[in-house]
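Q: Provided herewith is a single structure, encoded as structure tokens, for subsequent inquiry.
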Amino acid sequence: MLGIGRNELRMFIAWLFGLTSLISICFAVRIILRVIYRCNSFLQLQIQIISAFFPVLAIIFGVAWWTVWKQKNSAKGWGIAASLIYVLLSLWEIVFSKRPWNSFLGTLAVGLVGLIVFLWPYEKEADTDDPEPEGEKPS
């Protein structure tokens, strides 16, 4: 696969999950501080949903990064969930945004590659201690 193994691709996408988690944390803090600053008891439903949305994203992407980085058994499921979020958010923006749809193609591509990489069965590590190929016995 272009000289890059699936495990390296999983790790690269995991670091994108970590970066997305940090960005989501920044947005969450910014929005929550804005909500606190306004001190309006009649906040719009949209603002309330958004203020809960970014912390949830930060948790999902953060756990996905952590599980892949630490090679936990649950990494596959978290990677699929985080990749699916990339796909769904980019499709949502493509359909409902007034911005050009091609600005979301990168996120969609990362999500699709992530889905493929995490849905693909994990390959076993090759044993490099045995220099002789199987089937050939020394005489």
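Q: Run the quick spin-label model on PHE53 and ALA109: label points 7 Å from Cα toward the beta carbon, then report their separation in nm to one decimal.
A: With each label placed 7 Å out from Cα toward Cβ, I get 2.5 nm.
Q: With a cap of 11 neighbouring Cβ atoms within 10 Å, and only residues DSSP puts in a loop, list the trypsin sites (Lys or Arg not before Pro) found in region 24-115. Walk me through the intermediate numbers first.
A: Numbers: sites: ARG30, ARG34, ARG38, LYS70, LYS72, LYS76, LYS98; in loops: LYS70, LYS72, LYS98.
When the trypsin sites (Lys or Arg not before Pro) of region 24-115 are filtered for loop state and at most 11 Cβ neighbours within 10 Å, LYS70, LYS98 remain.
Q: With charges only on Cβ, +1 for K and R and -1 for D and E, what is the dipole size of region 6-119 about its Cα centre, in debye, rounded to 20?
A: Numbers: 10 positive and 2 negative charges, 25 e Å.
The calculated dipole for region 6-119 is roughly 120 debye.
Q: Which one of ALA81, VAL113, TYR37 has its Cα pushed farthest toward the positive end of the charge dipole of region 6-119, where Lys and Arg give +1 and Asp and Glu give -1 at the Cβ?
A: Among ALA81, VAL113, TYR37, the one farthest towards the positive end of the dipole of region 6-119 is TYR37.
Q: In the P(r) worked out for region 6-119, what percent of Cα pairs fall beyond 23 Å?
A: Working: 2298 of 6441 pairs.
Everything past 23 Å amounts to 36 percent.
Each value in this text was obtained by applying a stated rule to the coordinates, not by laboratory testing. What you are looking at is a predicted structure, and each value in this text was computed from that prediction instead of being measured. All Cβ positions, glycine included, derive from the backbone under ideal geometry; neighbour counts span all protein chains shown.
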